[in-house]
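The values are calculated or read from the model by the stated rules, or taken from the named source; none is laboratory data. These numbers come from a predicted model, not from an experiment. All Cβ positions, even for glycine, are placed from backbone atoms using ideal geometry, and neighbour counts span all protein chains on display. Note: areas computed on protein heavy atoms with side chains; ligands, DNA, RNA excluded. Shrake-Rupley method; radii C 1.70, N 1.55, O 1.52, S 1.80 Å.
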Amino acid sequence: MSAFSAIGEHEGQTTEQDEFTPGIEPQATWCPGCGDFGVLKALKGAMSDLGKSPDEVMLVTGIGCSGKLSSYFESYGFHSIHGRSLPVARATKLANPGLEVVAAGGDGDGYGIGGNHFMHTARENHDMTYIVFNNEIFGLTKGQTSPTSPKGHKSKTQPHGSAKDPVRPLSMSLAAGSSYVARTAAVNPNQAREILVEAIEHDGFSHIDFLTQCPTWNKDAKQYVPYIDVQQNDDYEFDTGDRREAADMMYETETALHEGKVLTGRFYHDADRPSYGQEKRSTGEMPETPLAERYFEEDYEWERSYDLLDPHR
Ligand code: SF4
């Protein structure tokens, strides 16, 4: 019995979902009860719902417990370095726009070390889905304070309690320019799967703040329950297409999390904004034939970018 089946990862799984389980199944090294299993299961389910096959998908991960996702998911994969999953994912999408690109990493990886990449990938609206495993801690390196750890949180690095306010990932994402922003939780597998489907289908930068409990190093976060789906609760009526209303709802959600109330759901969706690739192709800066196809054409005549400029203009 593998570590997956030991915690029920295969329960209710369809044949299609099994396509995304590696043939030589690696032994998962996530701790029992870790929220990361929930992300893996939801991602497999979403890809199956979308009718994708492993050779249509590229999964790029950063460093941390979350980074192991690419080892346990059957597709093209790249386990990159800390905070750098997004540059690799961007290059992949630009070189081969036909691939469904998903990037993933933890809260320290995405909102701290790779924060600059997060901001600019969102600003440029690259067409990909970015999953941030948010467990409010550095898990793999054994429990240090992360950018999303709440103020006062005690850890090895802040034994007297963190003096810093945590980042607000949803607000930060909206301000930077993400065109789809949602929060879900590993304890809410049906919602997580539906949100992943929407995010992957969206043409532009989709950011999912995915609450993943770390029972080993962050017992304060418990299981992120009970959670409230803001789309299912009349107390939270707002328009996900309205930036100002979305911003207000995000701020309330981020504040509520540290007061013991877990709000999840879709927060912002702009379906009209062109993606980075669409913009580039419309200005002629990016050739219609993707790099990945040109690379294999032996007689293709390469041109340098400065050849595109008219020096007499
Ligand atoms: Fe999951 Fe935490 Fe264990 Fe890492 S240390 S595998 S985040 S429970």
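Using a 7 Å offset from Cα along Cα-Cβ at residue 142, what residues in the stretch 194-238 end up with backbone N under 18 Å from the label point?
Output list for this probe position: 215-219.
Between 39, 101, 88, where does the largest GNM mean-square fluctuation fall for the chain, given springs only between Cα atoms within less than 10 Å?
88
Could you state the angle between the C-alpha long axis of helix 243-257 and the longest principal axis of the C-alpha atoms of the chain, as a value from 0 to 90 degrees rounded to the nearest 10?
Rounded to the nearest ten degrees, it is 40.
If exposed means no more than 14 neighbouring beta carbons inside 10 Å and the site is in a DSSP loop, what's the longest run of the chain without any exposed GluC sites (Glu not before Pro)?
Numbers: sites that count: 11, 237, 259, 285, 288, 297, 298, 301, 303.
In the chain, the maximal stretch lacking such sites is 12-236.
Can you compute the label reach from residue 203? Point 7 Å from Cα along the Cβ direction, backbone N cut-off under 20 Å, restricted to the stretch 255-290.
Counting only backbone N, you get 268-290.
Just report the Cα centroid separation between the stretch 63-134 and the stretch 174-224, whole Å.
Taking the Cα centre of each part, the stretch 63-134 and the stretch 174-224 sit 14 Å apart.
Counting DSSP beta bridges in the chain, what percent are antiparallel, to the nearest 5?
On the way: 5 of 35 bridges.
Roughly 15 percent of the beta bridges in the chain run antiparallel, per DSSP.
For the chain, which longest stretch is free of loop sites, where a loop site is one of the chymotrypsin sites (Phe, Trp or Tyr not before Pro) that DSSP puts outside H, G, I, E and B and that has at most 14 other Cβ atoms within 10 Å?
Numbers: sites that count: 295, 296, 300, 302.
Here the longest run is 1-294.
What residues qualify as long-range amide H neighbours of residue 211, i.e. H under 5 Å apart, gap of 5 or more or another chain, H built at 1.01 Å from N?
134, 184, 185, 186
Counting heavy atoms of the protein chains only and a 1.4 Å probe, report the per residue accessible area for the stretch 17-286 as a whole number of Å².
Heavy-atom accessible area per residue stands at 42 Å².
Rg and Dmax in Å for the chain, alpha carbons only: what are they?
Over the chain's Cα set, Rg and Dmax evaluate to 19.9, 69 Å.
How much length, in nm to one decimal, is gained on full extension between residue 279 and residue 252, taken as 0.36 nm per residue of separation minus their Cα-Cα distance? Could you put the intermediate results ahead of the total?
On the way: separation 27, 0.36 × 27 = 9.72 nm, distance 3.35 nm.
Between residue 279 and residue 252, full extension yields an extra 6.4 nm.
Taking Cα atoms, how many degrees apart are the long axis of helix 36-49 and the longest axis of the chain, rounded to 10 and kept between 0 and 90?
Result, in degrees: 50.
Taking the Cβ-Cβ separation of residue 156 and residue 223 as r and a Förster radius of 25 Å, what is the calculated FRET efficiency to the nearest 0.05? Mind showing how you got there, number by number?
Values: r = 23 Å, r/R0 = 0.92.
Working from the Cβ atoms, E equals 0.65.
Would you kindly state how much longer the chain becomes between residue 235 and residue 298 on full extension, computed as 0.36 nm times their sequence separation minus their alpha carbon distance, in nm to one decimal? Please list the in-between numbers first.
On the way: separation 63, 0.36 × 63 = 22.68 nm, distance 6.10 nm.
Result: 16.6 nm gained on full extension.
Quick check for me: using +1 on Lys/Arg Cβ and -1 on Asp/Glu Cβ, what's the dipole size of the chain about its Cα centre, in debye to the nearest 20?
1660 debye
Taking amide H positions as placed 1.01 Å from N in the peptide plane, with prolines and chain starts having none, which residues 5 or more places from residue 262, or on another chain, fall under 5 Å of its amide H?
228
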